[in-house]
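The values are calculated or read from the model by the stated rules, or taken from the named source; none is laboratory data. Because the structure is predicted, anything quoted here is derived from the model rather than measured. So basically every Cβ, Gly included, is an ideal-geometry build from the backbone, and we count neighbours across all protein chains shown.
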Amino acid sequence: MRPIRLPEPPGDGMMETPEIFAGGGGGGATVVRRAVLIGNGSPGAENQCLGLARALGLADNVTLYRVTRPRGGINEWLHFLPISLHKFIDQLLRQFFRNTRFAVVVQGRKPYRVSTGGSVGLSAVLEADVKKIVTVARDTYEKEGPTLVVACGWDTISYSSLIRKLTSDNVFVIQIQHPRSRLDRFDLVVTPRHDYYALTTSGQQEVPRLFRRWITPQEPPGSNVVLTIGALHQADSAALRLAAIAWHDELAPLPKPLLIVNIGGPTGNCKYGVDLARQLITSLYNVLDSCGSVRISFTRRTPQKVADVIFKEFNRHPKIYIWDGEEPNPHMGHLAWADAFVVTADSVSMLSEACSTGKPVYVIGTEHCKWKLSAFHKTLRERGVVRPFTGLEDISNTWSYSPLNDAIEVATRVREVIAERGWTVG
């Protein structure tokens, strides 16, 4: 059996905590030992928060809060509103139309339930409460030290910025994904480099001047902005080694090379349909002779018609297994045991994870991408971490590149900025 190739963690000791700071020996309140994470219900966003907490060595002491919008009925048309206004209108409508025939229109037929944190690896998720977070950060500062607050997603911006405003001396606030304006509301902003695509020559030509400021960030990166190539995630070396053990019995016996195919779904900047599914089918047939086995996974964004076309074609193929969506999710096992990947071009998260393994990554559908997503793919190609999936590949061949390591690089910058305040991460 061929060994699993995983990128090794940095060997310069950067992630180790000096002994003097361990266990509170560094003066108590100057050591950051805990993290409050604020997500928006999207696994892609919340995994970024968790990935940074892992890279900082705080994964064992995190609390995940979630900002949840009202769902169902008319609420599906109100997601463009600021979340506080959306919640106010929802409460108003529910009171006004309660016990009337219009209640179903307002509320929907199924009550909305806040899911647990199973999708992001935590057993429980709390409803975001600024007052509670601020109170705990203040009241426990002397005993527990400062609190690191990491938020990701548009709906979390008002929460994280208010927390910093109310208790800036007790917290260090990091906002992942660009908040578009007033970056001084946060101690640090972490955002992909392609979020600044509108400032490039190509970006300036693509958008009428009147609409530029509303579409993407305008100000160039300042001193409190950390630029990444892709998305942060939890698939670090330690996590993949654990996944390799957990999935050994199922994935180790499979004929090699093992090709993992991850299929996302169309987005505003990468629109496609069954046409891409048929292109993928043709290309997979062309490379099957060089594959030992193939495993295909869909995401919750994958259109049913796309999944149906692929399932109908490959459901009975002896070399191909299609994950049915039932738990346990084999995604981490796939990352650990794959010899190569094919990933649809729409997903920055899935591409970032695959490109962090150091294994060959083929992309399908880049021709459907535009705007800043096309800039992301251009960067990946220039770094030599991805190649287009054409169907002419020999999957047994490989190539080398420097794996993406955004979480470690961001964690290094976080430690530097926190040190300027006289704190350290323990």
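Numbers at a glance
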{"read-out": "Every residue from the stretch 280-321 that is surrounded by 13 or more Cβ atoms within 10 Å (Cβ to Cβ) and basic (Lys, Arg)", "value": "Arg295, Arg301, Lys319"}
{"read-out": "Selected residue (criterion: modelled with the highest pLDDT) from residues of the stretch 67-86 that are among the aliphatic types (A, V, I, L, M) and buried (at least 16 other Cβ atoms within 10 Å of the Cβ)", "value": "Val67"}
{"read-out": "Of all residues in the stretch 225-242 being assigned to a loop (DSSP other than H, G, I, E, B) and not acidic (Asp, Glu), the one that is surrounded by the fewest Cβ atoms within 10 Å (Cβ to Cβ)", "value": "Ile229"}
{"read-out": "Lone qualifier among Glu353, Glu393, Glu409, Glu326 - being free of Cβ contacts under 8 Å to residues at least 12 places away in the same chain and on the phi < 0 side of the Ramachandran plot", "value": "Glu326"}
{"read-out": "Spans of helices (runs of 4 or more DSSP H) in the stretch 117-209 with at least 1 residues of a type in the set (Asp, Glu)", "value": "130-139, 141-144, 201-206"}
{"read-out": "Among the residues listed as Thr412, Thr379, the single one being in the same structural domain as Pro266 (by TED's automatic domain parsing), within 26 Å of Leu188 (Cβ to Cβ) and among the polar types (S, T, N, Q)", "value": "Thr379"}
{"read-out": "Hits in the stretch 376-407 (condition: of a type in the set (A, V, I, L, M) and buried (at least 20 other Cβ atoms within 10 Å of the Cβ))", "value": "Leu380, Val385, Val386, Ile395, Leu404, Ala407"}
{"read-out": "Residue satisfying all of: in the stretch 39-67; in a loop (DSSP other than H, G, I, E, B) and among the hydrophobic types (A, V, I, L, M, F, W, C); nearest to Ile229 (Cα to Cα) among these", "value": "Leu56"}
{"read-out": "Matching option when the condition is of a type outside the set (D, E, K, R), at pLDDT below 95 and in contact with a Leu (Cβ under 6 Å, 6 or more places away or on another chain), among Cys291, Cys270", "value": "Cys270"}
{"read-out": "Criterion violated by Leu351 - all others in (1) within 19 Å of the chain's Cα centre (by Cα); (2) modelled with pLDDT under 95; (3) not acidic (Asp, Glu) satisfied", "value": "(2)"}
{"read-out": "Test: Glu250 is acidic (Asp, Glu), in a helix (DSSP H, G or I) and in contact with a Pro (Cβ under 8 Å, 6 or more places away or on another chain)", "value": "yes"}
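Each row is one residue, and each column tells you yes or no for (1) outside the structural domain of Val417 (by TED's automatic domain parsing); (2) surrounded by 15 or more Cβ atoms within 10 Å (Cβ to Cβ); (3) at positive phi.
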{"residue": "Ser223", "(1), (2), (3)": "no, no, no"}
{"residue": "Ala244", "(1), (2), (3)": "yes, yes, no"}
{"residue": "Pro253", "(1), (2), (3)": "yes, no, no"}
{"residue": "Ile260", "(1), (2), (3)": "yes, yes, no"}
{"residue": "Leu276", "(1), (2), (3)": "yes, yes, no"}
